[in-house]
Amino acid sequence: MNKLELIDALKNQENLTKAEAAKVVEIFFGDMADALAKDERVEIRGLCSFYVKKYKAYTGRNPKTGETAMVKPKKLPFFKAGKELKDRVDHD
């Protein structure tokens, strides 16, 4: 499912206009992204959680040339599925 399909599902299930459904989706994902940018954890009970993992600087290698290079510290978002989601996906 992509963003447009999510907007369509929301529009059909809640009798919203496409513009209203798009606004809801934009607010939802925009606020999630803002929270992660502030190093906050986002948790949707029963579904999943998102958090930011921090990595220290390290010395890496360019795979083409073999040259060493310093890799700057970085932060990356991570997703962790909740138990209910895991169970729903792994049904037999």
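Given 56, 18, which one is more than 22 Å from the chain's Cα centre (by Cα), of a type outside the set (A, V, I, L, M) and at pLDDT 95 or above?
Selected residue: 18, the only one of 56, 18 that is more than 22 Å from the chain's Cα centre (by Cα), of a type outside the set (A, V, I, L, M) and at pLDDT 95 or above.
Examine the range 4-13 for a residue that is in contact with a Gly (Cβ under 6 Å, 6 or more places away or on another chain) and either among the aliphatic types (A, V, I, L, M) or assigned by TED's automatic domain parsing to the domain that holds residue 85 (or both), and state whether such a residue exists.
No: zero hits.
The values are calculated or read from the model by the stated rules, or taken from the named source; none is laboratory data. Note that the structure is a prediction, hence the values are computed from the model and not measured. Neighbour counts run over all protein chains shown; Cβ positions are idealised from the backbone, glycine included.
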